[in-house]
Amino acid sequence: KLPMNTYKTYTERAKQHPNACARSLFELMERKQTNLSVAVDVTTKKELLSIADAVGPFVCVLKTHIDIVEDFDADLVAQLENLAKKHDFLIFEDRKFADIGNTVKHQYASGIYKIASWSHITNAHTVPGEGIIKGLGEVGLPLGRGLLLLAEMSSKGALTKGSYTTESVEMARRNKDFVFGFIAQQKMNQFDDEDFVVMSPGVGLDVKGDGLGQQYRTPHQVIVESGGDVIIVGRGIYGQPDQVEAQAKRYRQAGWDAYLERVRI
Ligand code: 5IU
């Protein structure tokens with residue numbers, strides 16, 4: 001049996017949520033009827049923008065790895081921001097910060113990418129301890145950004161388990177102003193008065209893995225059986241260039257059907 005909040009609608013959860021980033025995400029999900037996030041791991045500006053424009057109408061969150069884009073420039077960010085407005089989605093730079101608070105602060109605000117200036121959501125490993133949240137928060141909180149902690153990874157042999165995962169949840173509890181959820185494979189709530197958003201990567205309908213450790217589960221397994229809130233799909237959607245829109249529609253439908261099944265239980 002999953003925690004009580006899991007069975008509430010995104011709208012009900014939006015109304016009750018103390019975190020502004022979570023509220024706007026839940027409202028957006030209900031408005032667009034989608035719990036799909038597309039992970040666009042491509043290496044050119046042209047491909048990234050073209051996929052973002054094609055999947056835009058079907059996603060709540062567009063997940064980027066900005067440092068793999070060979071021809072990155074400030075115009076890419078400006079165009080991404082325009083697409084986020086045009087299609088009504090949030091941008092999530094999957095940066096996986098992992099250093100001490102003072103260092104991640106600079107990595108988040110500065111350098112070439114200036115992630116905090118355009119990415120609504122980012123994420124961090126908890127391996128350095130709570131200082132990483134404080135450091136990122138100094139930059140992100142004044143800008144209204146939200147942070148996800150990496151409580152569990154999808155890949156085979158990941159060390160994110162047991163006390164690592166439970167202590168990551170404790171860190172989130174102590175920093176609810178900035179941390180609104182987790183990257184995880186299942187619901188992380190234990191108490192009825194808390195409602196962490198769970199985004200789950202490692203989602204695919206056609207294959208079980210990728211030969212490099214990735215492990216795939218279906219939207220039904222993630223949303224109905226494990227209580228996840230957002231499915232993150234990468235190659236399952238952009239893997240075949242001529243089918244990007246069709247696959248985005250297919251995964252959006254599978255994710256939304258699973259959500260409707262869960263809230264009607
Ligand atoms: N990603 C994972 N697993 C994780 C975390 C992040 O796959 O545990 I944290 C990222 C990596 C990639 C996307 O950007 O999610 C999944 O892409 P595919 O659906 O193509 O495997």
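The values are calculated or read from the model by the stated rules, or taken from the named source; none is laboratory data. Since the model is a prediction, treat every value here as computed from it, not as a measurement. Note that we place each Cβ from the backbone using ideal geometry, even for glycine, and neighbour counts take in every protein chain shown. For accessibility, only protein heavy atoms count, side chains too; no ligands or nucleic acids. Shrake-Rupley method; radii C 1.70, N 1.55, O 1.52, S 1.80 Å.
So which of Phe196, Phe180 is open to solvent by less than 60 Å² (accessible area, probe 1.4 Å), out of contact with any Ser or Thr (no Cβ under 7 Å at 6 or more places or on another chain) and closer than 26 Å to Leu48 by Cβ?
After ruling out the rest, the residue left standing is Phe180.
Out of Val55, Val42, I need the residue that is in contact with a helix residue (DSSP H, G or I) (Cβ under 8 Å, 6 or more places away or on another chain) and not in a helix (DSSP H, G or I). Which one?
Exactly one residue qualifies, and that residue is Val42.
Kindly indicate which of Thr160, Thr166 is open to solvent by 60 Å² or more (accessible area, probe 1.4 Å), among the polar types (S, T, N, Q) and farther than 30 Å from Leu83 by Cβ.
After ruling out the rest, the residue left standing is Thr166.
Residue pairs, Cβ under 9 Å, 6 or more apart or interchain, first in region 95-115 and assigned to a loop (DSSP other than H, G, I, E, B), second aromatic (Phe, Trp, Tyr). List them.
Within 9 Å, the pairs are Ile112/Phe72; Tyr113/Phe72; Lys114/Tyr108.
Mind listing whichever residues of region 116-126 are assigned to a loop (DSSP other than H, G, I, E, B), more than 14 Å from Thr103 (Cα to Cα) and within 16 Å of the ligand (Cβ to nearest atom)?
The answer is Ser119, Thr126.
Let's see how each residue does on (1) of a type in the set (Phe, Trp, Tyr); (2) in contact (Cβ under 8 Å) with a residue 12 or more places away in the chain:
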position: Thr160; (1), (2): no, no
position: Thr165; (1), (2): no, yes
position: Phe180; (1), (2): yes, yes
position: Gln190; (1), (2): no, yes
position: Tyr216; (1), (2): yes, yes
position: His220; (1), (2): no, yes
position: Gly236; (1), (2): no, yes
position: Leu260; (1), (2): no, no
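May I ask you to verify whether Glu81 is more than 16 Å from Gly234 (Cα to Cα), more than 16 Å from the ligand (Cβ to nearest atom) and in contact with a Ser or Thr (Cβ under 6 Å, 6 or more places away or on another chain)?
Answer is no for this residue.
For Asp75, all conditions in the list (1) more than 17 Å from the chain's Cα centre (by Cα); (2) closer than 30 Å to Asp257 by Cα hold save one; what is the number of the exception?
(2)
If a residue must be open to solvent by 10 Å² or more (accessible area, probe 1.4 Å), farther than 21 Å from Ser37 by Cβ, among the aliphatic types (A, V, I, L, M) and assigned to a helix (DSSP H, G or I), how many such residues does region 127-144 contain?
So the count comes out to 2.
Tell me the residue from Gln215, Gln190 that is surrounded by fewer than 20 Cβ atoms within 10 Å (Cβ to Cβ), farther than 25 Å from Glu93 by Cβ and not hydrophobic (A, V, I, L, M, F, W, C), please.
Result of the check over Gln215, Gln190: Gln190.
Within the bounds of region 237-256, is there any residue that is in contact with a Ser or Thr (Cβ under 8 Å, 6 or more places away or on another chain) and within 11 Å of the ligand (Cβ to nearest atom)?
no
Conditions: (1) exposed (fewer than 15 other Cβ atoms within 10 Å of the Cβ); (2) in contact with a Phe, Trp or Tyr (Cβ under 9 Å, 6 or more places away or on another chain); (3) at positive phi. Gly202 meets all but one. Number of the miss?
(1)
Consider Tyr259 carefully, then state whether it is more than 23 Å from Ser50 (Cβ to Cβ) and among the hydroxyl-bearing types (Ser, Thr, Tyr).
yes
In the list Ser119, Ser163, which residue meets the criterion of being more than 20 Å from the chain's Cα centre (by Cα) and among the small types (Gly, Ala, Ser)?
Only one candidate qualifies: Ser163.
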